[in-house]
1. Residues with amide H under 5 Å of A125's amide H, sequence separation 5 or more or different chain, H placed in the peptide plane at 1.01 Å from N; which?
2. Roughly how large, in nm² to one decimal, is the mean projection of the convex hull of the alpha-carbon atoms in region 243-388?
3. When the chain is modelled as a GNM with alpha-carbon springs shorter than 10 Å, which of E119, E177, E368 fluctuates the most?
4. Only Lys, Arg, Asp and Glu count, each charged at its Cβ (+1, +1, -1, -1), so figure out the dipole size of the chain about its Cα centre, rounded to 20 debye.
5. Based on the mean of other beta carbon atoms within 10 Å per residue, what is the order of 162-169, 308-315, 222-229, most packed first?
6. Let me know the shape class of the chain, please: from the alpha-carbon gyration tensor, a ≥ b ≥ c as square roots of the eigenvalues, rounded when a/c is under 1.5, otherwise prolate if a/b is greater than b/c, or oblate.
7. Got the relative contact order for the chain handy, in percent, Cα pairs under 8 Å and 6 or more residues apart?
8. Gaussian network model of the chain, Cα springs within a sub-10 Å range: biggest mean-square fluctuation belongs to which of W329, W32, W55?
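Here, each number is a calculation from the coordinates, and none is a lab measurement. Because the structure is a prediction, the values reported are computed rather than measured. Backbone-built Cβ (ideal geometry, glycine too); neighbour counts: all protein chains shown.
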Amino acid sequence: MITREFTEEQTLFRDAYRKFIEAEVKPHMPRWREEGIVPREIFRKAGERGMLMVWPDEQYGGLGESDFRYEQIIIEETARAGCSEWYNTLHSRLVGAYFKNLGTEEQRARFLPACVTGETILAVAMTEPGAGSDLAGIKSTARDGGDHFLLNGSKTFISNGINADVIVTAAKLHGAEGRHAMVLLIVERGMEGFSRGRNLKKIGLHAQDTAELFFDNVRVPKENVLGTPGRGFHHLMEGLAEERLIAACGYLAVGRRAFDITRDYVMQRHVFGRPLSEQQNTQFRMAEMDAELDLFQVYVDYCVKEHNAGRLTANMAAKAKMIGSELEWRMADLGLQLHGGAGYMEEYEISSIFTNARMSRIYAGSSEIMRYIIGRDVFSQNYQSILS
């Protein structure tokens, strides 16, 4: 058993959050999967208990807990309950961080209190029909109009896209030279010219609302600009390390969840008169996965520690994202295989874990992009091995 470092306050927070998710979220997930969306009410319920956005200072209504381990606990317990389709961390830590790192005091005071309570739901809009991992290829534009930007274009595959009230939107600066000249705009629900398309149908993550967004001469005031116009691409890159650490924490937690339910199943399932767990193949395969999950847990916890200290690098996060998504997939695939025909039935949790996990090697940077980032570092002149 790996000993992990959490404070007494964090352990109490884990216990409280586990009770919340088991009581308020887990029982309703089957219905929300059918409906294709998690209701806004659950964001508010989490916010009321101080379990939605914990890092903002008390002046904004938060707990002032910037230690990433609090978010790690939320990610782990959400996965443990089989509720990872509720993208609370996208709202609270991934998009929320743009206000923390780039927002003005006026912007934080205006937006964060309602984000903490769950009345305002956040999303980020980067991906376009022709631009995914290659973010520099986006076509949406923002034309400077003096006291505002005029936003035009479209986005797709936007998580929280139906629920979101405030959307951090990336656009090219009209007339600027260079592929990376972008601006980040805070688009708010109800702005004239802003509309949403359909809630997209997916092979997995059915309770997670994923939408198309359209911008037709949307007038975005200058006070809704995040960071420095022209440096939007760099601002997005600065947040990618944390985004990929968030993803890795989730992959690991889901992988461990898949392991646990598979372990329970093979101990009960009999083949040729004996429990499946007594078959050597089952023992060997599960032993391998248990070892890999434990080893990856050590690396993720190390990355969390480094992130808290401000030392998490793009290379470290890329390794965590790549290894974690591949590990989650192998465990989901093995779990379904060991469930046999039952694993293909929706009533068994392993089936949704399997279909959900297929997306993990794509979003937040595909496995191929992660290999490119890592490989580029390996062959750089500044490369140093861990034993150097």
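1. Close amide H contacts, sequence-distant or interchain: V168, T169, A170.
2. Values: hull surface 39.7 nm².
With the hull built on Cα positions only, its mean projection is 9.9 nm².
3. E177
4. On the way: 46 positive and 53 negative charges, 156 e Å.
Computed about the Cα centre, the dipole is about 760 debye.
5. Values: 162-169: 23.6, 308-315: 13.0, 222-229: 17.0.
Output ranking for 162-169, 308-315, 222-229: 162-169, 222-229, 308-315.
6. Values: a/c = 1.70, a/b = 1.54, b/c = 1.10.
It comes out prolate by the Cα gyration axes.
7. Numbers: 651 pairs, mean separation 57.1, N = 388.
This gives 15 percent for the chain.
8. W32
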